[in-house]
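J.: This is the structure I have questions about; it appears just below.
The values are calculated or read from the model by the stated rules, or taken from the named source; none is laboratory data. Predicted model only: the values in this text are computed from it and were never measured. So basically every Cβ, Gly included, is an ideal-geometry build from the backbone, and we count neighbours across all protein chains shown. Please note that ligands, DNA and RNA were not included when accessible areas were found on the heavy atoms of the full protein model with its side chains. Shrake-Rupley method; radii C 1.70, N 1.55, O 1.52, S 1.80 Å.
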Amino acid sequence: MGRRDGAGGGVMASVRRLPNGKWQAQYRPIPGGKQVTKTMAKKTDAQRWLDEQTTALVSGNYVDPNAGKVTFGEYYERWAPRQVWTRGTGQAMRLAARSVPFWDLPLRLLVRAHVERWVKDMQTADRGGGQPRGLAAGTIRTRFNNVHAVLRGAVRDRIIASDPSDGVKLPRTRRADLAMELPTASQVRALLGSAGTEFRAFVALGAFAGLRLGEAAAVQVGDFDLDERQLSVRRQVQRANGHEVEIRAPKYGSERVVYLADGLITIVRAHISRLPEGGPDRWLFRGERRNPPHQNTVGYWWRKTRNSAGCPTLKLHDLRHFYASGLIAAGCDVVTVQRALGHSSATITLNTYAHLWPTAEDRTRAAATAMLSEVLIAPDEGLTNDDAA
């Protein structure tokens, strides 16, 4: 029987032959603690496994082989309450975690193939109702990233030695310039003309202030400083259970001041003048039971407006893209656009709108064109031979 005393780590480990002829490796991760054993047919295999375990103990990378007996679902239920999430993030995490087919599988048995099969199933699932097969690539990526976070937590908690989702290939998302549908000025004009009296200001806040649906729905009269021509984005509306709404702080980095155009101020003043009398905490847009409008209500208003305007494929969020494209066309830099849109980082702004900014080649060509135009349209100066000399 071989015996090993781990240097510096106090690891007591050995390999012994059993009466049935097999070989049992054994060690105690904690001196005086429970002994861990593994039986194999060959002594060399038992010794190799024991070497791996004791090396991990000494290097600080040890994972208790018994820890991985906990299922993915059991670990998630222990891990999730420790996370610092907003309610919306918690709901998205649970939706992703509950969607996996390996919820009841012990983590030690979870391998990359399980995760790859789950991703493939999301890509090809029959959603019924005549809808295209499979979830959108962006939705798959979001769910995968959420489950990936759970598995990374299991690695950090020493439940499993490695993350089986590492390196799993995901469906490609469409390039931003191909996926984005930018409304034209004439389309926005048609949308404003088709919007009902109660919804026209909502459309205008999307197109000329870049507000998200939830942000626009949560605006109160007191959020405007009409004399200074600015709007403070302080909250957002999110749907809750049933047809209830929940008022939350804006997304991280989205609380901001938006500087408003004179024409938008005119639209807002007209809208406020039609509201019932009240204080600055009046909702700019009204839903049920004195609440701001639910997302479903806004969706109904929008579909009615876009169909009437002859823009059946436009999404409400496309108005935000229209606003961003206008800022970029006017020469605003990345940081200015980031702050106006309430992005948490300039990287998000660039990833979304980089294709709208002029390239170095565009700027060079524009500068040369300006110089050429200045020369060609200048009046003849009637150079004389003396001047030329």
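J.: Of the residues Q83, Q123, Q131, Q91, which is within 30 Å of I247 (Cβ to Cβ) and modelled with pLDDT under 95?
T.: After ruling out the rest, the residue left standing is Q91.
J.: Quick check: is even one residue across the stretch 320-329 surrounded by fewer than 17 Cβ atoms within 10 Å (Cβ to Cβ) and not in a helix (DSSP H, G or I)?
T.: No; the residues of the stretch 320-329 include none that is surrounded by fewer than 17 Cβ atoms within 10 Å (Cβ to Cβ) and not in a helix (DSSP H, G or I).
J.: Going residue by residue through the stretch 280-300, is there one that turns out to be out of contact with any His (no Cβ under 8 Å at 6 or more places or on another chain), acidic (D, E) and open to solvent by less than 60 Å² (accessible area, probe 1.4 Å)?
T.: No, the stretch 280-300 contains no residue that is out of contact with any His (no Cβ under 8 Å at 6 or more places or on another chain), acidic (D, E) and open to solvent by less than 60 Å² (accessible area, probe 1.4 Å).
J.: Considering only the stretch 301-312, state which residues are open to solvent by less than 70 Å² (accessible area, probe 1.4 Å) and in a loop (DSSP other than H, G, I, E, B).
T.: A309, G310, C311
Quick grid of which residues meet (1) polar (S, T, N, Q); (2) touching a residue at least 12 places away in the same chain (Cβ under 8 Å); (3) closer than 25 Å to T352 by Cβ:
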{"position": "H148", "(1), (2), (3)": "no, yes, yes"}
{"position": "I160", "(1), (2), (3)": "no, yes, no"}
{"position": "S186", "(1), (2), (3)": "yes, no, yes"}
{"position": "V203", "(1), (2), (3)": "no, yes, yes"}
{"position": "A209", "(1), (2), (3)": "no, yes, yes"}
{"position": "R235", "(1), (2), (3)": "no, yes, yes"}
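J.: Taking the condition of being open to solvent by less than 40 Å² (accessible area, probe 1.4 Å), within 16 Å of L264 (Cα to Cα) and acidic (D, E), how many residues in the stretch 203-239 meet it?
T.: So the count comes out to 1.
J.: Please verify whether the stretch 286-295 includes one or more residues that are under 26 Å from the mean Cα position of the chain (by Cα), closer than 18 Å to L211 by Cβ, at pLDDT 90 or above and in a helix (DSSP H, G or I).
T.: Taking every residue of the stretch 286-295 in turn, at least one turns out to be under 26 Å from the mean Cα position of the chain (by Cα), closer than 18 Å to L211 by Cβ, at pLDDT 90 or above and in a helix (DSSP H, G or I).
J.: Could you list all residues from the stretch 250-279 that are assigned to a loop (DSSP other than H, G, I, E, B) and either more than 31 Å from the chain's Cα centre (by Cα) or free of Cβ contacts under 8 Å to residues at least 60 places away in the same chain (or both)?
T.: Answer for the stretch 250-279, where residues must be assigned to a loop (DSSP other than H, G, I, E, B) and either more than 31 Å from the chain's Cα centre (by Cα) or free of Cβ contacts under 8 Å to residues at least 60 places away in the same chain (or both): L260, A261, R274, L275, P276, E277, G278, G279.
J.: A further question follows. Out of the helices (runs of 4 or more DSSP H) lying entirely within the stretch 135-214, which hold 3 or more residues that are modelled with pLDDT under 95 and over 21 Å from the mean Cα position of the chain (by Cα)?
T.: Because the criterion is at least 3 residues that are modelled with pLDDT under 95 and over 21 Å from the mean Cα position of the chain (by Cα), the helices (runs of 4 or more DSSP H) in the stretch 135-214 that meet it are 137-156.
J.: Are any residues in the stretch 84-97 free of Cβ contacts under 8 Å to residues at least 24 places away in the same chain and open to solvent by 40 Å² or more (accessible area, probe 1.4 Å), and if so, which ones?
T.: V84, W85, T89, Q91, R94 - these are the residues of the stretch 84-97 that are free of Cβ contacts under 8 Å to residues at least 24 places away in the same chain and open to solvent by 40 Å² or more (accessible area, probe 1.4 Å).
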